[in-house]
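Engineer: Sending over a structure as structure tokens; questions will come in a sec.
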Amino acid sequence: SSKKRRNLMTKIIAILNQKGGVGKTTIATNLGVGLLRNGKKVLLVDSDPQGSLRDWNEANEGKVINVVGLDRETIAKDIEGVKQGYDFVIIDGAPQSSKLAGSAIKAADLVIIPVTPSPYDVWACADLVEIIKARQEVTEGNPLCYFLISRTRKGTNLSNEVKTALADYTIPILDSMTTHREVYAKTATDGLTVFHDSKAVEAINEITALYNEILTILN
């Protein structure tokens, strides 16, 4: 029964990268809505003082999914007060701040690091990976951590090159990836996700593959 109890516990997923422009908020919103449509109770946490996730939430008048802002270094403690009743809490990470990242890592069961197919992105991960590995040493491997290749471009070999470059970090890479598609930005403008556009079949399939892979990892 302890295993069953553990399965009922809220799972916290942090989407982190100290570099901006890698698609963190897009992944958080689409993943969250995908899980919601899959019958899960989901809370999105905006940990970025710039508040992109809160702006997105305002654009849909708060009608799509529950969003709270926790953009302070006490996020690990603060999440305890808001996570009750949710299956998943997804933290949209703040760029630049290693203190905010450290607190999100402390709170998380799973950290996803989105990386675009660019050498700058690969190099920019070094500090974050160090913080995560230091945490894992203290807590016997928690949180779990995976790279997600984000905004890859069709018909290029870049994503394979990035996989090779990321191998040095010895952190696994998710099989699922997201592609650079206009529909992600277009739906975000209205505070929506690709699930709200019935023509966005390929993007919906990408996010569905992503949440299925995450569910498998967390089980």
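Engineer: So the check is Cβ under 7 Å with 6+ separation or different chains; which pairs have a first residue in the stretch 195-213 that's free of Cβ contacts under 8 Å to residues at least 40 places away in the same chain and a second one that's outside any helix (DSSP H, G or I) and open to solvent by 80 Å² or more (accessible area, probe 1.4 Å)?
Structural biologist: Pairs that qualify, where the first residue is free of Cβ contacts under 8 Å to residues at least 40 places away in the same chain and the partner is outside any helix (DSSP H, G or I) and open to solvent by 80 Å² or more (accessible area, probe 1.4 Å), are 213/175.
Engineer: Do we find that residue 71 is on the phi < 0 side of the Ramachandran plot, open to solvent by 10 Å² or more (accessible area, probe 1.4 Å) and touching a Pro at 6+ places or on another chain (Cβ under 7 Å) in this structure? Break it down into steps so the answer makes sense when it comes.
Structural biologist: Values: on the phi < 0 side of the Ramachandran plot: yes; open to solvent by 10 Å² or more (accessible area, probe 1.4 Å): yes; touching a Pro at 6+ places or on another chain (Cβ under 7 Å): yes.
So residue 71 fits the description; yes.
Engineer: Sticking with this one: For the stretch 178-219, which positions are assigned to a loop (DSSP other than H, G, I, E, B) and closer than 17 Å to residue 13 by Cβ?
Structural biologist: 178, 193, 219
Engineer: While we're on this one: Residues to consider are 121, 190; find the one that is open to solvent by less than 50 Å² (accessible area, probe 1.4 Å), charged (D, E, K, R) and under 26 Å from residue 55 (Cα atoms).
Structural biologist: 121
Engineer: Whether any residue in the stretch 182-195 is over 30 Å from residue 61 (Cβ atoms), hydroxyl-bearing (Ser, Thr, Tyr), within 15 Å of the chain's Cα centre (by Cα) and at pLDDT 95 or above is what I want to check.
Structural biologist: no
Engineer: Just for the stretch 194-215: of the residues that are of a type in the set (A, V, I, L, M) and under 16 Å from residue 28 (Cα atoms), which one is surrounded by the fewest Cβ atoms within 10 Å (Cβ to Cβ)?
Structural biologist: Among them, the one singled out is 215.
Engineer: May I pose another question? May I ask you to list pairs of residues, at least six apart or on different chains, whose Cβ atoms are under 7 Å apart, with the first in the stretch 174-189 being among the aromatic types (Phe, Trp, Tyr) and the second being outside any loop (DSSP other than H, G, I, E, B) and open to solvent by less than 20 Å² (accessible area, probe 1.4 Å)?
Structural biologist: Going by the 7 Å Cβ cut-off, the qualifying pairs are 184/194; 184/203.
Engineer: Find the residue count for the stretch 152-179, including only residues that are open to solvent by 20 Å² or more (accessible area, probe 1.4 Å) and either modelled with pLDDT under 95 or in contact with a helix residue (DSSP H, G or I) (Cβ under 7 Å, 6 or more places away or on another chain) (or both).
Structural biologist: In the first step, residues of the stretch 152-179 are kept if they are open to solvent by 20 Å² or more (accessible area, probe 1.4 Å); the result is 153-158, 160-161, 163-165, 167-170, 172-173, 175, 177.
Checking which are either modelled with pLDDT under 95 or in contact with a helix residue (DSSP H, G or I) (Cβ under 7 Å, 6 or more places away or on another chain) (or both) leaves us with 153-158, 160-161, 163-165, 167-170, 173, 175, 177.
Of the residues in the stretch 152-179, 18 are open to solvent by 20 Å² or more (accessible area, probe 1.4 Å) and either modelled with pLDDT under 95 or in contact with a helix residue (DSSP H, G or I) (Cβ under 7 Å, 6 or more places away or on another chain) (or both).
Engineer: Let me ask you something else. Take the stretch 144-158 and flag every residue that is touching a Ser or Thr at 6+ places or on another chain (Cβ under 9 Å), of a type in the set (Ser, Thr, Tyr) and in contact (Cβ under 8 Å) with a residue 60 or more places away in the chain.
Structural biologist: Listed by number, the list holds a single entry, 150.
Engineer: Scanning the stretch 84-123 for residues that are of a type in the set (Ser, Thr, Tyr) and within 30 Å of residue 161 (Cβ to Cβ), which turns out nearest to the chain's Cα centre (by Cα)?
Structural biologist: For the stretch 84-123, the residue satisfying everything is 116.
Engineer: Shifting gears a bit: Those residues that are open to solvent by less than 20 Å² (accessible area, probe 1.4 Å) and within 19 Å of residue 210 (Cβ to Cβ), I need them from the stretch 76-103; list them, please.
Structural biologist: 88, 89, 90, 91, 92, 93
The values are calculated or read from the model by the stated rules, or taken from the named source; none is laboratory data. Keep in mind the model is a prediction, meaning the values are calculated, not measured. A quick note on method: Cβ atoms are made from the backbone with ideal geometry, for glycine too, and the neighbour counts reach across all protein chains shown. Accessible surface areas use protein heavy atoms only, side chains included; no ligands, DNA or RNA. Shrake-Rupley method; radii C 1.70, N 1.55, O 1.52, S 1.80 Å.
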